[in-house]
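Trainee: The structure that follows is given in the form of structure tokens.
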Amino acid sequence: MDEETVKMLLRDLAAYAPVADGGRAVSFALQDGQGMPILPDNVQAFRNGPYVDVVKRGVSKAAALRKLTGRYEVERLFTIGDGLNDIPLLDCAKDSYSFAHCPDEVKAHAHTIHTKIEDVLEDILHIQS
């Protein structure tokens, strides 16, 4: 995000105790009873538990992954996600994984659900061999 947008968000979200992440993103926590604030059109928000990450519109894990897979030859793609902010990422791959402890909304976007990361990695290694 541009510096002016970051400064504006930090000012406008003061009640949410926002923090800037290296000038490219702003994060804040939603407390019980607090609703999601109205954000400007040039940004987008991703919920991650009680936290909200605000980034420039069009910036996401999924957008970065699409850019990389467009640049490099990818035979098979695996994605792993555990938070609401990972839903677009999970939707990028046929082989997507999440965990039993995750919100149902996240699990609904995953192809396979496991209880721990070791099981996911074992699954991926088995598919690759």
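The values are calculated or read from the model by the stated rules, or taken from the named source; none is laboratory data. All figures in this text were calculated on a predicted structure; none of them were measured in a lab. Accessible surface areas use protein heavy atoms only, side chains included; no ligands, DNA or RNA. Shrake-Rupley method; radii C 1.70, N 1.55, O 1.52, S 1.80 Å.
Trainee: Considering the alpha-carbon set of the chain alone, what are its Rg and its Dmax in angstrom?
Mentor: Expressed in Å, the Cα Rg and Dmax of the chain come to 16.8, 52.
Trainee: Give the shape of segment 74-129 as rounded, prolate or oblate, defined through the alpha-carbon gyration tensor: a ≥ b ≥ c are the square roots of its eigenvalues, a/c under 1.5 means rounded, and otherwise the shape is prolate if a/b is larger than b/c and oblate if not.
Mentor: Numbers: a/c = 2.57, a/b = 1.32, b/c = 1.95.
Cα axes put segment 74-129 in the oblate bin.
Trainee: Using alpha carbon centroids, what distance separates segment 22-55 and segment 70-129, in Å?
Mentor: That distance is 24 Å.
Trainee: Right, another one. Taking the chain as the reference, fit the longest principal axis to its C-alpha atoms, fit the long axis of helix 117-128 to the helix C-alpha atoms, and give the angle between the two in degrees, 0 to 90, nearest 10.
Mentor: Approximately 50 degrees, to the nearest 10.
Trainee: Then there's this: For segment 17-73, how big is the tail of P(r) above 15 Å, as a whole percent of Cα pairs?
Mentor: Details: 886 of 1596 pairs.
More than 15 Å apart: 56 percent of the Cα pairs in segment 17-73.
Trainee: Could you work out how much longer the chain between residue 127 and residue 45 gets when fully extended? Use 0.36 nm per residue separation minus the Cα distance between them, nm to one decimal. Don't skip to the answer; put the middle values down first.
Mentor: Details: separation 82, 0.36 × 82 = 29.52 nm, distance 3.42 nm.
Difference between extended and current length: 26.1 nm.
Trainee: Give me a comma-separated list of calculated 3J(HN,Hα) values for segment 86-101, in order, Karplus coefficients 6.51, -1.76, 1.60 applied at θ = phi - 60°, integers in Hz, x for any Gly or Pro.
Mentor: 9, 4, x, 5, 4, 6, 7, 10, 5, 9, 10, 10, 9, 10, 4, 7
Trainee: Taking all protein chains in place and a 1.4 Å probe, what share, in percent, of the accessible surface of the chain do carbon and sulfur account for? Write down the numbers at each step before the final one.
Mentor: Values: 4290 of 8270 Å².
After summing per-atom areas, the C and S share lands at 52 percent.
Trainee: Another question, if that's okay. Where only protein heavy atoms count, and the probe is 1.4 Å, what is the accessible area per residue for the chain in Å²? Mind dumping the intermediate values first?
Mentor: Details: 8270 Å² over 129 residues.
The answer is 64 Å² per residue.
Trainee: If ligands, DNA and RNA are left out, what is the accessible area of residue 105 with a 1.4 Å probe, given in Å² to the nearest 10?
Mentor: Estimated to the nearest 10 Å², residue 105 gives 110 Å².
Trainee: Mind running the shape call on segment 38-102? Use the C-alpha gyration tensor, a ≥ b ≥ c as the square roots of the eigenvalues: rounded below 1.5 for a/c, prolate if a/b tops b/c, oblate otherwise.
Mentor: Details: a/c = 3.81, a/b = 1.28, b/c = 2.98.
Judged from the Cα gyration tensor, segment 38-102 comes out oblate (a/c at least 1.5, b/c at or above a/b).
Trainee: Take the chain, connect every pair of alpha-carbon atoms lying under 10 Å apart with a spring to form a Gaussian network, then pick out the residue of 79, 112, 69 with the largest mean-square fluctuation.
Mentor: In the Gaussian network model the winner is 69.
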